[in-house]
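Coordinate-derived values only; no laboratory data. In this text, all values refer to a predicted model and were calculated from it rather than measured experimentally. Neighbour counts run over all protein chains shown; Cβ positions are idealised from the backbone, glycine included.
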């Protein structure tokens with residue numbers, strides 16, 4: 001009987017074998033539901049009382065709770081970013097949101113569409129910056145993590161987002177394909193009066209849903225490093 005084949009079949013795969021000089025550490029979470037509920041409740045009340053101003057501080061406390069209760073071997077992770085640095089990004093988001101709402105209320109729809117498309121085009125860059133910030137401020141035994149993906153790699157991984165960007169572009173070009181007056185004012189009998197407009201809107205809506213699902217699947221595929 002050939003025993004060499006049996007020994008080969010019973011041996012663990014290469015990925016499961018221990019590498020000399022590298023210690024194996026298990027990851028475990030030590031937090032409890034009661035402690036997190038108290039933190040969540042305190043954060044929620046402070047966000048409500050401060051009208052949302054406390055949001056970056058609440059987010060920082062939540063991240064620190066999960067990191068400091070996640071142990072890699074005998075030592076926990078830690079999140080060392082300052083709340084003030086997170087507040088700057090939060091303030092920028094609020095300012096952009098207020099700007100878009102003010103411009104929309106003034107009827108500057110073209111400018112609002114342009115800003116929306118610009119933000120959509122910058123999403124991969126924002127994601128890369130957020131990952132760099134999060135990992136740079138994640139420590140274990142005093143060692144900082146790093147995220148080295150380039151901007152080009154982030155855009156390559158997030159290319160399905162371009163499909164989502166096409167949706168508002170198609171909506172902007174809709175008047176070129178729908179006869180003048182076909183899209184009337186919304187009402188109870190709008191579908192009966194303008195069947196073409198109704199079918200176009202239904203087609204765009206279904207295409208957006210299908211495209212959104214495909215984008216989510218592809219982004220998960222790309223960002224998980226699957227090939």
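Some notes on this structure:
- Ranked by the mean number of other Cβ atoms within 10 Å of their residues, highest first, the peptides 113-123, 29-39 come out as 113-123, 29-39.
- Over the C-alpha atoms of segment 26-79, the Rg to Rh ratio, Rh being the Kirkwood estimate, stands at 1.08.
- If R0 is 22 Å, the Cβ-Cβ spacing of residue 97 and residue 42 corresponds to a FRET efficiency of close to 0.30.
- Sites residue 66 and residue 147, calculated FRET efficiency, Cβ-Cβ separation with R0 22 Å, nearest 0.05: 0.75
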